[in-house]
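The values are calculated or read from the model by the stated rules, or taken from the named source; none is laboratory data. Computed from a predicted model, the values in this text were never measured in an experiment. Note that each Cβ is placed from the backbone with ideal geometry, even for glycine, and that neighbours are counted across all protein chains shown.
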Amino acid sequence: MIINGGFAVGRNRRGSEKDRETGQAYLTLMRHGWGDEHSAFLRSVGTLYFPGLSSEQIRALADLQRMAMSADAAIRTRSASDGIDVFDLLKQVSTPTLVLHSRYDNAVPFEEGQWLAAAMPNARFVALESENHVPVRGWW
C-alpha cells in the first residue's frame, strides 16, 4: 500500500484550536467557491496544496473539482476527514506500506505522516523535499 500526505487523526481531533478554526474557514470557502476558478477558495486551495500554480493550472484544478464531485459531496468528505481518529487501528495494518509525505506540506503537517508510518508495524516513511501536498512530476 502507498499513502501520500496521509493522517490518522483529523484536524478537529488534533486538539489545536487553530486546526479547528482553519477547518471551519476551509469549509466556508468550499461552500462558496468549489469548482470556480475565480473564487478565493480555489486560489487558496491551490496555494495550500500546490504552491506556485499558474493561472492555467488553477483553471485545470477547477475543472477537475467540478468533474470529481459536487460541492456538497466535497464538504461532506472534508467534514468526515476532519473528524476521524483511526490512530489506534494502525497497529492492525499488516500490509507492507510506503508512507510518502512532503516536508513542507501546508495541507497536512509533516509530523502526521511520520506518526502514521511509525504506528504501522510494516511501514516505511519517505520524506519528499517538496511543498506540494501531492507530488507533481517536475515540481519537486
Can you spot a residue in the range 75-87 that is within 13 Å of GLY6 (Cβ to Cβ), not in a helix (DSSP H, G or I) and not charged (D, E, K, R)?
-> yes
Which numbered condition GLN114 misses (of (1) closer than 25 Å to ARG20 by Cβ; (2) touching a residue at least 12 places away in the same chain (Cβ under 8 Å); (3) in the same structural domain as LEU27 (by TED's automatic domain parsing)) = (3)
Taking the range 102-140 and keeping residues in a loop (DSSP other than H, G, I, E, B), at pLDDT 90 or above and among the acidic types (Asp, Glu) leaves ASP105, GLU129
Options GLY46, GLY6, GLY23: the member that is touching a residue at least 24 places away in the same chain (Cβ under 8 Å), under 21 Å from VAL108 (Cα atoms) and in a helix (DSSP H, G or I) | GLY23
Name the residue, out of THR22, THR28, THR47, that is surrounded by fewer than 19 Cβ atoms within 10 Å (Cβ to Cβ), among the β-branched types (Val, Ile, Thr) and farther than 28 Å from VAL126 by Cα.
-> THR28
Give the residues of the range 52-87 that are farther than 15 Å from SER39 by Cβ, under 17 Å from the mean Cα position of the chain (by Cα) and polar (S, T, N, Q), sorted by residue number.
-> THR77, SER79, SER81
Which of the residues belonging to the range 65-74 are hydrophobic (A, V, I, L, M, F, W, C), part of a helix (DSSP H, G or I) and farther than 10 Å from ARG31 by Cα?
-> MET67, ALA68, ALA73
